[in-house]
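Read-outs: derived from the displayed coordinates by stated rules, not from any lab. This one's a predicted model, so the numbers in the text were calculated from it and none came from an experiment. Neighbour counts run over all protein chains shown; Cβ positions are idealised from the backbone, glycine included.
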Amino acid sequence: MSGLFVTGTDTGVGKTRVAVALIHALRAQGLRVAAMKPVAAGSELGELNDDVSALLQAANVSADLRDVNPYSFASPIAPHLAAQQAGIRIELPVIVAAYARLAAAADVVVVEGAGGWRVPLNAHEDMADLAQALGLPVVLVVGLRLGCLNHALLTAESIDRRGLPWAGWVGNAIDPEMAVRAANLEALQTRLPAPCLGVQEFSPVPTQHADAPDWLQLPPKLVS
């Protein structure tokens, strides 16, 4: 099975925007690309989550929505709390099985996590446990703003501690007024144990309207 796991230094750092960019870039290589958002929160009953909608629009592999997004909740809160409110438990085997079905129909699956790297999914497991269960190379989205160095380096330590493979990291300019951004990027390039795949400039364009990026540089054999 081949895929990428997109995680972030925090919530709201642009994981979906980067996941969509990755899908477009992989499609440009002639690949059949499926998208997956295992857990989504913040959509009304009967409505499609915005992140899931953007991923579906970008992908070129048709799939059952229940596999693309096994768990969806109305409240825009941490997944384990949203699941508690809904009276259910998020189960990793359910997500792993859905991923396997997607992978069987695609050349590559781009999986976008929820929140940050260690956001809880249930009483004992978190998003990092899901990434480990899937065993996919990790793409870390670093939200470029004050504090990003600490967040990025702590996340990288946790990824390395679990022995997960790296695909790379992406800087996403979520604060267009960030001070000394170039120096921060240099620090990230020096300290993060993975290649920088690109830096996305701040954009007011809605994620679902994003096109194939010119800032994203995918090395050969990014996916295995």
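For this structure, a couple of remarks:
- Cut-off under 5 Å, modelled amide H: who pairs with TRP166 long-range: VAL138
- For ALA179 and GLN57, a Förster radius of 41 Å and the Cβ-Cβ distance give a FRET efficiency of 0.75, rounded to the nearest 0.05.
- Phi to ³J(HN,Hα) by Karplus 6.51 cos²θ - 1.76 cosθ + 1.60 over the range 51-63, Hz, x for Gly, Pro: 5, 4, 4, 5, 5, 5, 5, 7, 5, 10, 10, 6, 8
- About the centre of its Cα atoms, the chain shows a dipole size close to 420 debye [charges on the beta carbon of Lys, Arg (+1) and Asp, Glu (-1) only; nearest 20 debye].
- Taking the charge dipole of the range 2-74 about its Cα centre, with +1 at Lys and Arg Cβ atoms and -1 at Asp and Glu Cβ atoms, the residue from SER62, LEU4, VAL52 reaching farthest to the positive side is LEU4.
- Residue-wise HN-Hα couplings along the range 138-150, as the Karplus relation 6.51 cos²θ - 1.76 cosθ + 1.60 with θ = phi - 60° gives them from phi, are 9, 10, 9, 8, 9, x, 7, 7, 4, x, 5, 5, 4 Hz; Gly and Pro carry x.
- Residue-averaged 222 nm ellipticity for the chain, from DSSP H runs of 4+ at -39500 (n - 2.57), nearest 500: -10500 deg cm²/dmol
- Rounded to whole Hz, the Karplus (6.51, -1.76, 1.60) HN-Hα couplings of the range 117-122, x for glycine and proline: 4, 10, 5, x, 10, 8
- Packing around the peptides 110-121, 142-153, taken as the average count of other Cβ atoms within 10 Å per residue, puts them in this order, highest first: 110-121, 142-153.
- The range 61-120: C-alpha gyration tensor shape, a/c 1.5 cut-off, then a/b vs b/c: prolate
- Centre-to-centre separation between the Cα atoms of the range 126-180 and those of the range 3-70: 17 Å.
- CYS196 long-range amide H proximity, modeled H, under 5 Å: TRP169
- Estimated at 0.36 nm per residue, the fully extended path between LEU65 and SER2 surpasses their Cα-Cα distance by 20.7 nm.
- Taking amide H as placed 1.01 Å from N in the peptide plane, VAL108 has its amide H under 5 Å from the amide H of ARG32, ALA34, each at least 5 places away in sequence or on another chain.
- Three-way shape call for the chain based on the alpha-carbon gyration tensor, with the a/c threshold at 1.5: rounded
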